[in-house]
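The block underneath contains the structure these notes are about, expressed in structure tokens.
Since every read-out is calculated from the coordinates, none of them should be taken as a lab result. Just so we're clear, the structure is a prediction, and the values are computed from it rather than from any experiment. Cβ placement follows ideal geometry from the backbone for every residue including glycine, while neighbour counts extend to all protein chains displayed.
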Amino acid sequence: MPTRTAAPKSKTTEVRSERYRIRFDRRAQAALCAQIAGACRLVWNLLLADCERRYRLHKEYGKGTALEGAVPVDKSVSFFTLGKRFTDLRSRPDAAWVRAFLGSPWGRRYRAMELSWLGDLPYAPLRYTAKYLADAYTRFFEAWAAAKFQGQSLGVRKSDGKPKGFPKYKAKFDRDDGFTIPDGVRMDGDRLHIPKVGWVRLEGSGLYRGCKAKQVRIRKEGTEEHPKWYAYVFHEVPADRLKQPAWTGAVGVDRNVGQATDSEGEVYEVPDDPKLDANIKRKQRSAAKARARSKANGQPMSNRGRRICGQLKKRQRKKKRRRENANHQASRKLADTAHTVVLEDLNTKAMTRSAKGTVEEPGRNVKQKAGLNRGILNTGWGQLERNLDYKAGRVVNVDAAYTSQTCSACGHISKENRRTQATFKCEACGFKANADHNAALNILARGLALLPKARGNGASARREALGPCLLPLAMDKSTSPTREQGMPTAQGPPGSGAWSSM
Ligand SMILES: [Zn+2]
């Protein structure tokens, strides 16, 4: 279960992650970390290949008849089972299934390999790979079941002919390497103990210094020549050390391609760097060429190709960091502005708004652009929502249909209200405003109409435990009359215009 939806055992602490740069004392430590990460990749690939072998046996011979020696083949892919298989692999390499696996076509790559060195590496991080694989299978099964429920299929992945979403084999230069210290984390000030590697120094803001560390993900980033190691530490932070959201108020947010506008008229820009984007495009083309070349002549990726892949990853990380930073700043500002944040449901939004309404240059390929918009909207703004889930007092989602065409003053709905992209002018009452601001006001009104029924999302429910001052607005009017000042009534019909948050 992802951390953000997991309910904390105690309401007095919450989990927060922080990223630290790792400074090694000795070069051998970095090499050992790389070895552990590589071993995790091997364990993942080997267990996945074995799962496929078991699935195939079951499909061919049916349940109960597919015997391995005298033992029926177990095709379970739970963490419990996969973890046991890893333990076999590490300490009982002569187990029946290991021998059967190595003898099968799926185990061909591993047959000549000496696997006893797995015993020299830390047990828990390697075994935890089985957890990630089990999770990947669970996600796949859920997606498969959901598609089946809707009478659809997942479709076939081009690269290997498997269904889309099926766990993938990990290649050496495909992704960032890493491993996880699942529990029993030892930290001492700014020093972290990595099993079998020893103590390393962590560099970071130290925001949660002294808080108990629950889990650490160690990751190698940067390029191949210049690797940088990071530790993502999940701290258990006492609630009184966390920044609290605003006590009162509500704000609506209209998210668009490139920027978001709240009902106070504040505009949040998505960082835009055309030079960086162009650079990424160029590197992507070169990387694709290098990949195609290596595939064509059956050779591993050339040194140049690997260098380009590293440069590409570096730039993509830069872009991601910028977007994340902007999202964090925007969500913090919103959480400071109001207790309740109303957002429109991005899926309904993308469906109800045509490409004409959201892209500045209408014309060709409106359908393609609609798909593109949906993509941009979702990738850019999903994170804002996740951040708000834990930063804001309460997050409310509303249907976004016609929010851009509705007058926030009188409720008149018409396409004609929106003659230009930027401005809104009501045909009925003459109300004039920035178009996004008007949409944000409509979103806020819809959210407030839902409030009495709306259940708190994320942090809100937990924060209710902190004291009467943080109770949901609609529920404690009697105890704190001041709360209502400047607050619109929750019962007001959407778009009634009887209130103003400005
Ligand atoms: Zn109007």
Computed ³J(HN,Hα) along the stretch 397-408: with the Karplus parameters 6.51/-1.76/1.60, θ = phi - 60°, integer Hz and x for glycine or proline, the list is 9, 10, 6, 9, 4, 6, 5, 7, 9, 8, 7, 7
Which of 131/318; 172/320; 220/283 exceed 27 Å between C-alpha atoms? The answer is 131/318
List the residues, sorted by chain then number, that are 5 or more residues from residue 398 or on another chain and whose placed amide H is less than 5 Å from its amide H. 343, 344, 345
Quick one: go through the stretch 214-246 and flag any residue whose amide nitrogen is under 18 Å from the point 7 Å out along the Cα-to-Cβ line of residue 186. 214-218
Lys and Arg at +1, Asp and Glu at -1: neighbours of residue 27 with Cβ under 15 Å from its Cβ sum to +3
What are the ³J(HN,Hα) values, in whole Hz, obtained from phi via the Karplus relation 6.51 cos²θ - 1.76 cosθ + 1.60 with θ = phi - 60°, for each residue of the stretch 119-132 in sequence order, with x given for Gly and Pro? x, 7, 9, x, 6, 4, x, 5, 5, 5, 4, 4, 5, 4
So who's got an amide H within less than 5 Å of the one on residue 215, skipping anything under 5 residues away but keeping other chains? H placed 1.01 Å off N, in plane. 234
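How would you rank 152-161, 97-106, highest first, on the average number of other Cβ atoms within 10 Å across their residues?
Result, highest mean first: 97-106, 152-161.
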Equivalent-ellipsoid semi-axes (√(5λ), Cα gyration tensor) for the stretch 84-208, whole Å, largest first? 32, 25, 14
Sequence-distant or interchain residues sharing an amide H contact under 5 Å with residue 229, placed H: which? 22, 221
Measuring from label point to label point, each 7 Å out along Cα→Cβ, what is the residue 84 to residue 273 span in nm? 5.0 nm
Potential lengthening between residue 95 and residue 318 on full extension [0.36 nm per residue; Cα-Cα distance subtracted]: 75.7 nm
Just order 25-31, 111-117 by mean Cβ neighbour count inside 10 Å, highest at the front, would you? 25-31, 111-117
What are the semi-axes of the equivalent ellipsoid for the stretch 29-136, taken as the square roots of 5 times the Cα gyration tensor eigenvalues, largest first, in whole Å? 25, 14, 12
How many nm separate the modelled label positions at residue 410 and residue 225, each set 7 Å beyond the Cα in the direction of the Cβ? 6.7 nm
Test of understanding: extend the Cα→C-beta vector of residue 23 to 7 Å, then name every residue of the stretch 186-200 with backbone N under 12 Å from that spot. 190-191, 200
In sequence order, calculated HN-Hα J values of the stretch 262-270 (Karplus, 6.51, -1.76, 1.60; Hz; x Gly/Pro): 9, 6, 8, x, 6, 10, 10, 8, 8
On a full-extension model of 0.36 nm per residue, what is the gain between residue 291 and residue 325, subtracting their alpha-carbon distance, rounded to one decimal in nm? 9.0 nm
Put a dot 7 Å past each Cα toward the Cβ at residue 201 and residue 299; how far apart are the dots in nm? 4.2 nm
